[in-house]
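*Asks:* Here it is, the structure in full.
The values are calculated or read from the model by the stated rules, or taken from the named source; none is laboratory data. Note that this is a predicted model, so its numbers are computed, not measured. Here the Cβ positions follow ideal geometry from the backbone for every residue, glycine too, while neighbour counts run over all protein chains shown. Areas reflect the complete protein model, heavy atoms only, side chains present, ligands, DNA and RNA absent. Shrake-Rupley method; radii C 1.70, N 1.55, O 1.52, S 1.80 Å.
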Amino acid sequence: MTEDFNRDRWLADLRSRVPEVTVTEALARQLGGALLVDVREDGERASGTPAGALGLSRGYLELRIEHAEPDRHRDVLLLCGSGQRSLLAAETLQRMGYRRVSSVAGGMGAWKAAGLPVTAGLLDADAAERYARQMLLPQVGADGQAKLDAARVVVIGAGGLGAPLLLYLAAAGVGHITVVDDDRVERSNLHRQVIHADPRVGMSKAESARLSLGALNPRVRVTTVVERLRADNVEALVRDHDVVVDGADNFATRYLLAAATRRLGMPMVYAAIERFSGQASVFDPRRDDSPCYRCLFPEPPSAADAPNCSEAGVLGVLPGLLGLVQATEAIKLILGVGQPLVGRLLSYDALDMRFRELTLRRDPECPGCGAGATFDGYRDLERMCASAG
Ligand SMILES: [Zn+2]
């Protein structure tokens with residue numbers, strides 16, 4: 001017969017081995033150079049953590065503490081919600097050879113009740129390490145990283161343009177990414193759509209993209225929409241995002257996106273590719289001087305004048321470059337840094353390896369944003385593109 005587990009006795013036993021400090025004593029020791037570690041989960045810390053504390057979830061403590069604090073003689077204080085998880089965590093650190101570990105009695109509850117300093121949304125250890133090189137930039141820093149984390153970007157198309165730009169948006173820490181694509185991965189996609197992989201031929205592109213993004217940066221929340229963007233869903237799909245990135249390969253989608261972003265007042269990051277050349281620009285209706293997509297292309301060209309990749313062919317690296325121009329612009333828009341490609345059309349010729357920039361002015365006669373522009377609904381735009389084809 002084993003003895004019944006006695007929780008009180010077990011805790012008392014733990015307390016006899018792990019020193020405890022009050023919250024006020026913890027603060028004094030922190031100010032004196034002790035390392036205060038908040039071992040609660042990311043979600044718990046999001047609503048506030050002791051000022052200056054290192055966020056390191058209990059589940060990752062053993063794996064990451066040595067990177068965060070290699071000095072086993074340093075005074076280390078562990079804090080959790082109520083003071084129990086920190087006791088267990090402290091015992092673990094003792095076993096790892098940390099000599100001066102204490103648990104903060106009462107945890108965050110006591111810390112707040114005593115009115116001690118709290119900061120909101122401090123980056124946890126994973127984020128601090130993951131984004132370290134980017135946050136070194138004064139134009140980014142912790143504030144910029146927080147903006148990226150809070151940002152919501154919708155990418156239409158997980159194809160040639162979407163593949164590189166999705167990967168880099170996720171890597172940069174864009175917090176919410178929506179991937180809209182109704183296609184499936186084909187082997188003929190893989191020479192350019194590097195977010196997918198050979199074993200995933202036949203899988204939904206949105207789902208395949210989600211798998212790659214999750215493997216690259218598990219912090220990013222990815223929403224997949226396995227639908228074709230159409231007149232009756234375009235506004236619902238792009239609404240509630242901060243930036244719309246057009247990675248589509250057809251004119252109907254672009255005209256729908258152009259109209260929806262104009263009406264909803266959202267920036268649209270545009271790129272298009274063909275064979276060995278491509279172009280990119282940003283249309284931002286929040287700026288009065290910004291042209292729209294239809295200032296550039298008032299009416300869709302005929303299908304013969306504008307063949308798509310499956311008809312005309314495309315050099316695999318080409319969408320990679322243009323997609324990264326789009327990712328760069330999206331990140332700049334979120335951070336509010338630099339000069340966006342608004343009013344400028346960047347064109348790229350891979351064979352000559354030449355970039356050119358054309359000034360793009362707002363057209364007063366533009367059917368999309370001019371004074372006489374009328375909007376007869378998204379279905380009209382769909383019909384217009386269908387008849388052009
Ligand atoms: Zn316009």
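*Asks:* Ranked from the most accessible area to the least, with a 1.4 Å probe and all protein chains present, what is the order of 147, 205? Numbers along the way, then the final one.
*Replies:* Numbers: 147 100, 205 10 Å².
Ranked list, largest accessible area first: 147, 205.
*Asks:* Ok, one more. Which percentage, to the nearest 5, of the DSSP beta bridges contained in the chain is antiparallel?
*Replies:* Roughly 40 percent of the DSSP beta bridges within the chain come out antiparallel.
*Asks:* Could I ask something else about it? How high is the relative contact order of the stretch 2-123, in percent, counting Cα pairs under 8 Å that sit 6 or more residues apart?
*Replies:* Rounded, it is 34 percent for the stretch 2-123.
*Asks:* Only four residue types carry charge here, +1 at the Cβ of Lys and Arg and -1 at the Cβ of Asp and Glu. Report the dipole size of the stretch 18-153 about the Cα centre in Debye, rounded to the nearest 20. Working shown, then result.
*Replies:* On the way: 16 positive and 17 negative charges, 8 e Å.
Its charge dipole is roughly 40 debye.
*Asks:* Something else now. Express in Å², to the nearest 10, the accessible area of residue 149 obtained by rolling a 1.4 Å probe over the protein heavy atoms while all chains stay in place.
*Replies:* 70 Å²
*Asks:* Work out the FRET efficiency for residue 3 and residue 223 from their Cβ-Cβ distance, taking R0 = 35 Å, and round it to the nearest 0.05.
*Replies:* On the way: r = 51 Å, r/R0 = 1.44.
E between residue 3 and residue 223, to the nearest 0.05, is 0.10.
*Asks:* With a probe of 1.4 Å, find how much accessible area the chain has per residue, and write the answer as a whole number in Å². Don't skip to the answer; put the middle values down first.
*Replies:* Numbers: 18480 Å² over 389 residues.
Here the residues of the chain average 47 Å² of exposed surface.
*Asks:* Rounded to a whole number, what % of the accessible area of the chain do carbon and sulfur atoms account for, probe 1.4 Å?
*Replies:* Its accessible area is 51 percent carbon and sulfur atoms.
*Asks:* From the Cα trace of the stretch 1-131, what convex hull volume per residue do you get, rounded to a whole Å³?
*Replies:* 119 Å³
*Asks:* Compute the signed sum of charges (Lys and Arg +1, Asp and Glu -1) over the other residues within less than 13 Å, Cβ to Cβ, of residue 93.
*Replies:* Details: positive: 17, 58, 64, 72, 74, 85, 95, 99, 100; negative: 62, 66, 69, 71, 75, 91.
Residues near residue 93 contribute +3 overall.
*Asks:* So what's the back-of-envelope 222 nm ellipticity for the chain, counting only DSSP H runs of four-plus at -39500 (n - 2.57) apiece and dividing by all residues, rounded to 500? Numbers along the way, then the final one.
*Replies:* Working: 17 runs with 150 residues, N = 389.
When only DSSP H runs of four or more count, the value is -11000 deg cm²/dmol.
*Asks:* Now a separate question. What is the Cα centroid distance between the stretch 59-104 and the stretch 225-280, reported in whole angstrom?
*Replies:* Using only Cα atoms to place each centre, the spacing works out to 49 Å.
*Asks:* Using a 1.4 angstrom probe with every protein chain in place, what is the largest-first accessible-area order of 100, 130? Intermediate values should be presented prior to the final figure.
*Replies:* On the way: 100 125, 130 90 Å².
Sorted by accessible area, descending: 100, 130.
*Asks:* Moving on to the next point. Let me spell out the model: positive unit charges on the Cβ of Lys and Arg, negative unit charges on the Cβ of Asp and Glu, origin at the Cα centre of the stretch 1-85. What dipole size does that give, in debye rounded to 20? Walk me through the numbers on the way to the answer.
*Replies:* On the way: 12 positive and 15 negative charges, 21 e Å.
The dipole magnitude comes to about 100 debye.
*Asks:* Right, here's the next one. What ranking, highest mean first, results for peptides 247-255, 215-223, 31-39 when packing means the other Cβ atoms within 10 Å averaged over each residue? Can you show the working numbers first?
*Replies:* Details: 247-255: 23.0, 215-223: 15.3, 31-39: 19.4.
Highest-to-lowest ranking by the protection proxy: 247-255, 31-39, 215-223.
*Asks:* How much net charge surrounds residue 271 when only other residues with a Cβ under 12 Å from its Cβ are counted (Lys, Arg +1; Asp, Glu -1)?
*Replies:* Numbers: positive: 254; negative: 246, 249, 274, 329.
Summing Lys and Arg as +1 and Asp and Glu as -1 gives -3.
*Asks:* Ordering 129, 365, 44, 329 by how much accessible area each has at a 1.4 Å probe, largest first, what is the list?
*Replies:* Details: 129 105, 365 155, 44 60, 329 15 Å².
Highest to lowest solvent-accessible surface, that is 365, 129, 44, 329.
*Asks:* Right, something else. Around residue 148, under 12 Å between beta carbons, what's the net of Lys plus Arg minus Asp minus Glu among the other residues?
*Replies:* Values: positive: 130, 147, 152, 219, 332; negative: 143, 149, 242.
Value of the local net charge: +2.
*Asks:* Report the Stokes-Einstein translational diffusion coefficient (µm² s⁻¹, integer) for the chain, Rh taken as the Kirkwood radius over Cα pairs, at 25 °C with viscosity 0.890 mPa s. Write down the numbers at each step before the final one.
*Replies:* Values: Rh = 23.8 Å.
Reported coefficient: 103 µm²/s.
*Asks:* Same structure, new question: Can you order the peptides 103-110, 191-198 by their average number of other Cβ atoms within 10 Å per residue, highest first?
*Replies:* Values: 103-110: 22.5, 191-198: 19.1.
Peptide ranking by packing, descending: 103-110, 191-198.
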